[in-house]
Amino acid sequence: MNTYTLNSGSKIPAIGFGTWQIEEGEPAYTAVYEALKAGYTHIDTASVYGNEHGAGKAIQDSGIKRENLFVTTKLWNADRGYENTLVAFDKSLALLQMDYVDLYLIHWPANETQFENWESINADTWKALEQLYTEGRAKAIGLSNFPKKYVEAILKVAKVFPAVNQLEFHPGFLQEETIAFCKSKDILIQAWSPLGSGRILQNEVIVSLSAKYGVSVGQICIKFALQEGINPLPKSTNPSNIKANLEINNFSLSNEDIQAIKNIGELGFSGLNPAEVPF
Ligand code: A2P
């Protein structure tokens, strides 16, 4: 599996397995188990997904050595702030049945629509992540759904720079300003919903590229993210899609085709604007 190197120095497998909306218990266990069997070594979960226990159990049962896997989880919004974050992190570790994670993220920033003091809330939360990093219980720390202005506010107070910013990214939703800024600061972009949660897979540009390269529409989206230097986190509960989403090494999109994807225009946006969401 190819890797990216984080600004913390650790390596992260270039494709991760996303688990959003995969239910706790049997569904999460089976999907993660299948993903590990198919060759994924990078599992992305979150406290709010409610599936940390199933994901963790599949990891234990896979027989793969912990040090050969990369596991991410995220702090939920109700747990922001220094003390609350430390408590929430311990709960996540217990559910995952692990003594460290490879990456811990602030899932969504406290935003200016909800909080006058959004900057200090995010700074306090970040301070807790820095402590977890210093203790070695989170091998890397980062952000998720932070627009440029919110990343800048963290960088003003950070002693440890965020290693990643995990954003909605897919053909039809490119977040160019935030992504260019993060890249300029050596912050890796991870893509949630790299297939637009299925909403973009009938697009005629994607469909025609899938025919041209003889691969699936999902594989076109994943390759697009990788060729943009982004870490895609596709999710699936279908074993053949789980497998196919890793099999993208036998083709490369031409520059013209990358440009054609960039020219699609806005499509398939989830509607979740981090500066305005009410949660
Ligand atoms: P399924 O679970 O049946 O595979 P995203 O990662 O952008 O949120 O997209 C996830 C959605 O895309 C799921 O509904 C998943 O359905 C579907 N999906 C995942 N991989 C593929 C693929 N290779 N081709 C088509 N659909 C896919």
Label-to-label distance, nm, for residues given as residue 243 and residue 21 (7 Å Cα→Cβ offset): 2.4
Fully extended contour minus Cα-Cα distance, from residue 227 to residue 134, at 0.36 nm per residue: 30.2 nm
Region 190-226 and region 228-264: distance between their alpha carbon centers, rounded to Å: 6
For region 162-220: rounded, prolate or oblate by the Cα gyration tensor [a/c cutoff 1.5]: prolate
Alpha carbon convex hull of the chain, projected area averaged over orientations, nm²: 13.4
Radius of gyration, Dmax [region 215-279; alpha carbons; angstrom]: 14.1, 43
With every protein chain in place, region 194-235: carbon and sulfur % of accessible area (1.4 Å): 53
Residues of region 144-159 with amide N under 19 Å of a point placed 7 Å along Cα→Cβ from residue 82: 154-159
P(r) histogram, all alpha-carbon pairs of region 167-262 included - 5 Å bins from 0, percent: 2, 14, 26, 26, 19, 9, 4, 0
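Where does region 84-136 land on the Kirkwood hydrodynamic radius, alpha-carbon pairs, in angstrom? Mind dumping the intermediate values first?
Details: mean 1/r = 0.0829 Å⁻¹.
About 12.1 Å, per the Kirkwood formula over Cα pairs.
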Top positive-direction residue, dipole computed over region 1-143 with Cβ charges, set 105, 72, 22: 72
Test item: Cα-centred dipole of region 43-189, Lys/Arg +1 and Asp/Glu -1 on Cβ, debye: 260
Accessible area of region 130-279 divided out per residue, in Å², using a probe of 1.4 angstrom: 43
Spacing of the two label points (7 Å from each Cα toward its C-beta) at residue 176 and residue 114, in nm: 3.1
Long-range amide H partners of residue 17 with built H, under 5 Å: 42, 43, 44
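Taking only DSSP H segments of four or more residues, each worth -39500 (n - 2.57), what value at 222 nm results for the chain once the sum is divided by all its residues, to the nearest 500 deg cm²/dmol? Working shown, then result.
Working: 10 runs with 110 residues, N = 279.
It comes out at -12000 deg cm²/dmol, rounded to the nearest 500.
Need the full-extension length gain, residue 250 to residue 5, defined as separation in residues times 0.36 nm minus the C-alpha distance. One decimal, nm. Let's see the in-between values first.
Values: separation 245, 0.36 × 245 = 88.20 nm, distance 2.27 nm.
Roughly 85.9 nm would be gained on extension.
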Charge-dipole axis of the chain as Lys and Arg at +1 and Asp and Glu at -1 on Cβ define it, positive-most pick from 187, 214, 198: 214
Residues with amide H under 5 Å from that of residue 4, placed H, sequence gap 5 or more: 12, 14
Backbone N under 11 Å from the residue 186 label point (7 Å along Cα→Cβ), restricted to region 141-166: 161
Scattering curve values for region 35-99, log₁₀ I(q)/I(0), Debye with Cα scatterers, q = 0.14, 0.18, 0.19 Å⁻¹: -0.41, -0.64, -0.70
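The values are calculated or read from the model by the stated rules, or taken from the named source; none is laboratory data. From a predicted model like this one, the values you see are computed outputs, not experimental measurements. All Cβ positions, glycine included, derive from the backbone under ideal geometry; neighbour counts span all protein chains shown. Keep in mind that these areas ignore ligands, DNA and RNA; they rest on the heavy atoms of the full protein, side chains included. Shrake-Rupley method; radii C 1.70, N 1.55, O 1.52, S 1.80 Å.
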